[in-house]
Amino acid sequence: MSLITNIQKYSIHDGDGIRTTVFFKGCRLRCVWCHNPETQSFKKELLCDSEKCVGCGGCAAVCPNGAVEMFGQKAVTDRAKCTACGICTDYCNRNLREIAGKEYTVNELVKELRKDEMFYEESGGGVTLSGGEVMAAEIEFVEALAKKLYHYGISVTIDTCGQAPYENYKRILPYTDTFLYDIKTLDTELHKKY
């Protein structure tokens, strides 16, 4: 099983043709310009838009860990107590709470990705594995996923920042058509800073 934050259909900027992009959870970098900060943690986490909270208190009433408290007209979540169980998400009447990270098996993910095969075939597209940092995910899972997609003739692109063991790249190479390598900056000090 691996944690996925999003399966984005009809992606046209993540490789050739029409693609489906799978966003894996977890990245060791903390870039200030990160487009997907919900993918940085390697664990499930609660996301909430507290600015739009109207203070109904539904989430606080059902939290089994006492992680949500009402302060005035706002629900405030104590991240140290939150286990990302997701119960509060069902009781937010404005849908302001969600869990980033859903567990998938390889077979579940392949089944979902094959739904778009017609688009891949017509456009020369395929599946892009992204993140977070897909190459920092459990490599056995990523390799098995890429191998199954390869078996079905689905093109695989890896979107990576390169922050993963070299061995992981060697393992995935036979089942990958393209690597999109995201070079952050060539300056060592700027790289550390940002």
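The values are calculated or read from the model by the stated rules, or taken from the named source; none is laboratory data. None of these values were measured; they are calculated from a predicted model. So basically every Cβ, Gly included, is an ideal-geometry build from the backbone, and we count neighbours across all protein chains shown. Note: accessible area is taken over every heavy atom of the protein model, side chains too, but ligands, DNA and RNA are not part of it. Shrake-Rupley method; radii C 1.70, N 1.55, O 1.52, S 1.80 Å.
Criterion applied to Val22, Val32 was being among the β-branched types (Val, Ile, Thr), at pLDDT below 90 and closer than 30 Å to Ile158 by Cβ, and the one residue passing it is Val32.
When each of Glu98, Glu103, Glu108 is tested for being farther than 21 Å from Leu47 by Cα and open to solvent by 30 Å² or more (accessible area, probe 1.4 Å), the lone residue that passes is Glu108. Comparison of Ala80, Ala75 shows that the only residue that is hydrophobic (A, V, I, L, M, F, W, C) and in a loop (DSSP other than H, G, I, E, B) is Ala80. Of everything listed in (1) in a strand (DSSP E or B); (2) small (Gly, Ala, Ser); (3) surrounded by fewer than 16 Cβ atoms within 10 Å (Cβ to Cβ), the single unmet condition for Ala61 is (1). For region 66-79, filtered to residues that are of a type in the set (Val, Ile, Thr) and under 14 Å from Glu51 (Cα atoms), the residue that is surrounded by the most Cβ atoms within 10 Å (Cβ to Cβ) is Thr77. Just the residues that are touching a residue at least 60 places away in the same chain (Cβ under 8 Å) and among the small types (Gly, Ala, Ser), please, taken from region 110-163. Ser123, Gly124, Gly125, Gly126, Ser130, Gly131, Gly132, Ala136, Ala137, Ser155, listed by residue number.
Here is the figure for region 140-171: residues that are of a type in the set (A, V, I, L, M), under 15 Å from Leu109 (Cβ atoms) and outside any strand (DSSP E or B) total 6. When you scan region 80-95, do you find a residue that is surrounded by 14 or more Cβ atoms within 10 Å (Cβ to Cβ) and either over 30 Å from Cys53 (Cα atoms) or of a type in the set (D, E, K, R) (or both), even just one? No, region 80-95 contains no residue that is surrounded by 14 or more Cβ atoms within 10 Å (Cβ to Cβ) and either over 30 Å from Cys53 (Cα atoms) or of a type in the set (D, E, K, R) (or both).
Considering Lys111, Lys74, Lys81, Lys52, the condition of being of a type in the set (Lys, Arg), out of contact with any His (no Cβ under 7 Å at 6 or more places or on another chain) and under 19 Å from Phe24 (Cα atoms) is satisfied by Lys111 alone.
Taking the criterion of being free of Cβ contacts under 8 Å to residues at least 60 places away in the same chain and over 20 Å from Cys161 (Cβ atoms), the only residue of region 6-33 that qualifies is Ile12.
In region 41-56, the residue that is least open to solvent (accessible area, probe 1.4 Å) out of those that are part of a loop (DSSP other than H, G, I, E, B) and under 16 Å from Glu103 (Cα atoms) is Ser41. Scanning region 20-35 for residues that are open to solvent by 40 Å² or more (accessible area, probe 1.4 Å) and either touching a strand residue (DSSP E or B) at 6+ places or on another chain (Cβ under 9 Å) or hydrophobic (A, V, I, L, M, F, W, C) (or both) yields a total of 3. Where residues in region 114-140 are closer than 29 Å to Cys48 by Cα, crowded, with 19+ Cβ neighbours inside 10 Å and out of contact with any helix residue (DSSP H, G or I) (no Cβ under 7 Å at 6 or more places or on another chain), which of them is modelled with the highest pLDDT? If we take residues in region 114-140 being closer than 29 Å to Cys48 by Cα, crowded, with 19+ Cβ neighbours inside 10 Å and out of contact with any helix residue (DSSP H, G or I) (no Cβ under 7 Å at 6 or more places or on another chain), then Thr128 is modelled with the highest pLDDT. Cβ-Cβ contacts under 8 Å between residues 6 or more apart (or on different chains), taken from a first residue in region 54-74 that is closer than 9 Å to Cys88 by Cβ to a second residue that is among the acidic types (Asp, Glu), are listed as Ala60/Glu69; Val62/Asp90; Ala67/Asp78; Val68/Asp78.
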